[in-house]
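The values are calculated or read from the model by the stated rules, or taken from the named source; none is laboratory data. Model, not experiment: these values are computed from the prediction. Quick reminder, even Gly has a Cβ in these numbers, built from the backbone with ideal geometry, and neighbours come from all protein chains shown. Note: accessible area is taken over every heavy atom of the protein model, side chains too, but ligands, DNA and RNA are not part of it. Shrake-Rupley method; radii C 1.70, N 1.55, O 1.52, S 1.80 Å.
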Amino acid sequence: MKRILKWAAVVVLLAVAGLWVGNTSLFITDRAQHDTRLIAHRGVHQIYAGSDRSARSCQAAPVEPIEHGFIENTLLSMQEAFRLGADVVEIDVHLTQDNVFAVFHDWTLECRTNGTGVTHKQTFETLAGLDLGYRIDDGSGTFPLRGQGAGMMPSLPDVFDADMDGRFLINFKSRRAEDGLALAEMLETPSRRAQVYGVYGGAPPTYAAADAVPGLRGFDRASVKACLMGYIATGWTGRVPPPCHGSVVLVPQNYAPFLWGWPHRFTRRMAAAGADVVLIGDYDGSGFTSGVDTEAAFADVPADFDGYIWTNRIELIGPLLAKRP
């Protein structure tokens, strides 16, 4: 019996050693040849400081103390994000009644602007005249940005024509396949296609666009979950499950250490499957997508991380990344 137990222990130790050797990043030697890249969520913007993290929360008030005048999803906020080191800027779009993609986050207008109603049910002319800073407030009740966002909502063609130094991740705020097809038609122009990193959000428009535009990355919450859950189950073998292939994989910081081969072997496996890895902030179960937004969170990003960092604070994270050796 003792001999059997001894051999069983040896077998277990060998199995554990094999798993470690097959999944450790210690033997990845080309780390310095890869760059860490940044995705600026909504450009440079005011940071929501409230406690309601549901999908329907109004994030215009309260915001953290206002230290700059940039408003999310505006051309100025995008340009500043690229200047601060963003490789990709995430923007939100709605296809309006007159078939123009308006770049704006909220499903309705009352939270942030001086307008009312459902965003996509307006004409772009109506939306373009709104004040995007009208209801942004830091808790003082003074609405410091009121008037500064008047007439600043861009259309997607406005964004493309601004010729910025980077690419865009487009978030469909609807679940209408026709929105995806409308974007695909726009991306028939090569210069515009070159400016789009990928699409995500509502599944029908996301996959309508991805299916119509060769090589366009598309993902949604369900595809990210299927990828990660499949990888947790089988990743110890080195196998990358089909939902990950050719996609974008969002990895919460608090879950990352539990992924087989994290960090460098994991990112290499995903790259071999045509997938990009995007490190986001901690997931708390609310459905709210947080970013790597503090110095402490950035310090936990692995050295020579060869993926993207998703941040709401490009003005902080961009300079921090630039200082890394």
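Laid out as a table, the results:
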| quantity | calculated |
| --- | --- |
| Extension gain (nm, one decimal) between ALA296 and MET229, 0.36 nm per residue minus Cα-Cα | 21.4 nm |
| Charge dipole of the chain about the Cα centre (unit charges at C-beta), most positive-ward option of THR234, GLY69, THR289 | THR234 |
| Bins of 5 Å, starting at 0 and running to the largest distance - Cα pair percent for segment 193-325 | 2, 10, 19, 22, 20, 16, 9, 2, 0 |
| Around GLU110: net Lys/Arg minus Asp/Glu count, Cβ-Cβ under 15 Å | +2 |
| Globularity ratio of segment 27-142, using Cα Rg and 2.2 N^0.38 Å | 1.25 |
| With eigenvalues of the C-alpha gyration tensor scaled by 5 and rooted, segment 187-265, Å | 27, 13, 11 |
| Placed amide H near VAL251: partners under 5 Å, 5+ positions off or other chain | VAL278, LEU279, ILE280 |
| The chain - Rg and Dmax from Cα coordinates, angstrom | 21.8, 83 |
| Nearest-20 debye value, segment 174-307 charge dipole, Cβ charges on Lys, Arg, Asp, Glu | 480 debye |
| Rg/Rg_ref, segment 108-244, where Rg_ref = 2.2 N^0.38 Å and atoms are Cα | 1.32 |
| Rounded to the nearest 10 Å², the accessible area of SER57 at probe 1.4 Å | 20 Å² |
| Cut-off 14 Å, label 7 Å out along Cα→Cβ of ALA150, residues of segment 50-89 by amide N | none |
| Alpha carbon Rg of segment 154-206, scaled by the compact-globule rule 2.2 N^0.38 Å | 1.09 |
| Spatial separation of Cα centroids for segment 233-284 and segment 65-114, in angstrom | 29 Å |
| Under the Debye formula (equal points on every Cα, no solvent term), log10 I(q)/I(0) of segment 82-139 at q = 0.15, 0.18, 0.29, 0.30 Å⁻¹ | -0.50, -0.66, -1.14, -1.20 |
| Choice from VAL199, VAL118, VAL213 with maximal GNM fluctuation in the chain (Cα, 10 Å cutoff) | VAL118 |
| Lys, Arg +1 and Asp, Glu -1 on Cβ, resulting dipole of the chain about Cα centre, debye, nearest 20 | 1800 debye |
| Inter-probe distance in nm under a simple model that places probes 7 Å from Cα toward Cβ, at ASP161 and ALA222 | 3.7 nm |
| Sorted largest first, extent of segment 259-325 alpha carbons per principal axis (Å) | 35, 32, 17 |
| Amide H within-cut-off set for THR108, under 5 Å, with H built and near neighbours excluded | THR119 |
